[in-house]
1. How about the range 259-323: which chymotrypsin sites (Phe, Trp or Tyr not before Pro) there lie in a loop by DSSP and see at most 15 other Cβ atoms within 10 Å?
2. Two decimals is fine: what's Rg over Rh for the range 72-162, C-alpha atoms, Kirkwood radius as Rh?
3. Give me the three principal axis extents of the range 92-228 from the C-alpha atoms, as integers in angstrom, largest value leading.
4. At 1.4 Å probe size, put R80, R258, R168, R74 in order of accessible surface, largest to smallest.
5. Net charge within 12 Å of G302 by Cβ-Cβ distance, Lys/Arg positive one each and Asp/Glu negative one each, not counting G302 itself?
6. Using only protein heavy atoms and a 1.4 Å probe, report how much of E244 is accessible, in Å² to the nearest 10.
7. For the range 239-309, what is the Kirkwood estimate of the hydrodynamic radius, computed as the reciprocal of the mean inverse distance between distinct Cα atoms, to one decimal in Å?
Amino acid sequence: MSSSVPTTPPANPLGDIFGAMDEESPVAPSLTTAQKRNHSAIDNSGSDDEESSRDTLPTTASNPSQNTAVIIQRYCEKKRLRADQTNEVIRLVHEPPGVSHGKLLANIFQVSNQITAIVTAQAPWEVSTGLLKNIDNYGAAVFLSTKISAYKGSVPTNTLLNILKRLRFDLPPNIENNPADYLKLVAAVQEAFTQLRAKVKKMLFASLKVNKSDKTIAPGPDHQNIFKLTLALVDGTQCTVTVELCARVALMRSVYLRDSGPKFWDKLDSTLAEIRNNAEGDAKKLTRAFRHILTKDQELHGVKNYEITASAVENFQQEVDDLIDAGNADLATSVAPSAAAGPQADDGGEN
């Protein structure tokens with residue numbers, strides 16, 4: 001017959017710790033007066049806060065006023081105050097509270113008035129020569145970018161403003177929140193694009209070899225071919241001739257032949273928008289459309305004695321293209337005032 005063996009539950013390995021938690025703590029033996037004095041001496045000797053001990057009044061001082069003056073003088077020396085300033089602080093401390101508080105407030109007002117006078121005396125901010133140079137360089141890259149969706153109005157202006165705010169250059173801090181200064185920047189950007197539009201329109205006119213006497217357009221083979229025209233447009237910029245840019249310039253010339261008047265840029269922008277809308281976001285459709293525009297230009301203008309290679313854009317133009325892509329989403333949610341979308345000065349190009 002088998003007999004059952006009683007089993008003992010295994011002991012809890014943390015039982016002694018839990019048991020110690022339930023025990024009452026033994027009362028620590030009281031220290032004698034001498035022991036307390038020794039512990040106090042040890043605690044005081046372990047402090048390394050020299051600054052605190054130096055700025056605390058000694059309890060055994062026979063002349064509190066003199067000790068206060070010494071502490072204040074040391075503190076003023078640490079703050080590198082002049083001797084006359086230090087003496088003024090010491091005198092102020094020993095005066096009645098009402099007088100000392102009044103003098104402190106008066107000194108604060110004096111400093112505030114001096115700061116206001118300095119700020120008021122500063123010359124108004126103006127667009128610097130260096131900033132104007134950067135506006136011209138980046139403005140040309142924006143204007144010659146195949147990423148731009150319009151050549152007039154707020155689109156190119158806000159695109160360049162967005163780039164300037166990202167790169168900063170020598171823009172004052174928080175210029176976006178200073179309407180007076182920000183409008184100066186906007187005006188400089190708009191003027192740069194006005195000059196660019198005038199330059200491009202004159203080059204389109206010149207490419208057709210128009211007879212100045214009777215304003216007749218020369219025969220097609222006598223025209224400037226698209227490669228030379230695009231090469232002339234990028235001259236003086238950090239941009240290069242690409243197939244995509246030649247196609248954009250070909251679109252400009254085709255619209256110019258239909259309407260070379262004051263509304264040329266408006267007509268160009270509306271034509272560009274129609275092409276994009278018809279493509280419905282299909283990149284292949286856009287590519288085919290601009291390939292057709294470029295081929296047609298090559299057939300109508302100049303002699304095709306060149307080859308446009310599918311070369312990559314230069315680093316500077318790629319940087320601008322990337323900034324345009326990165327800034328497109330910011331334009332709709334920008335906190336800073338945007339460029340006015342109202343009428344802008346057109347170019348002074350030939351009609």
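1. Y306
2. My calculation of the ratio gives 1.45.
3. Principal extents (Cα only, largest first): 99, 32, 22 Å.
4. Per-residue accessible area, sorted high to low, gives R80, R258, R74, R168.
5. Spelling it out: positives minus negatives among the neighbours equals +1.
6. E244 exposes around 100 Å² with every protein chain in place.
7. 13.0
The values are calculated or read from the model by the stated rules, or taken from the named source; none is laboratory data. Model, not experiment: these values are computed from the prediction. Neighbour counts are summed over all protein chains in view; Cβ atoms, including those assigned to glycine, are modelled from backbone coordinates with ideal geometry. Surface areas here come from the heavy atoms of the whole protein model, side chains and all, with no ligands, DNA or RNA. Shrake-Rupley method; radii C 1.70, N 1.55, O 1.52, S 1.80 Å.
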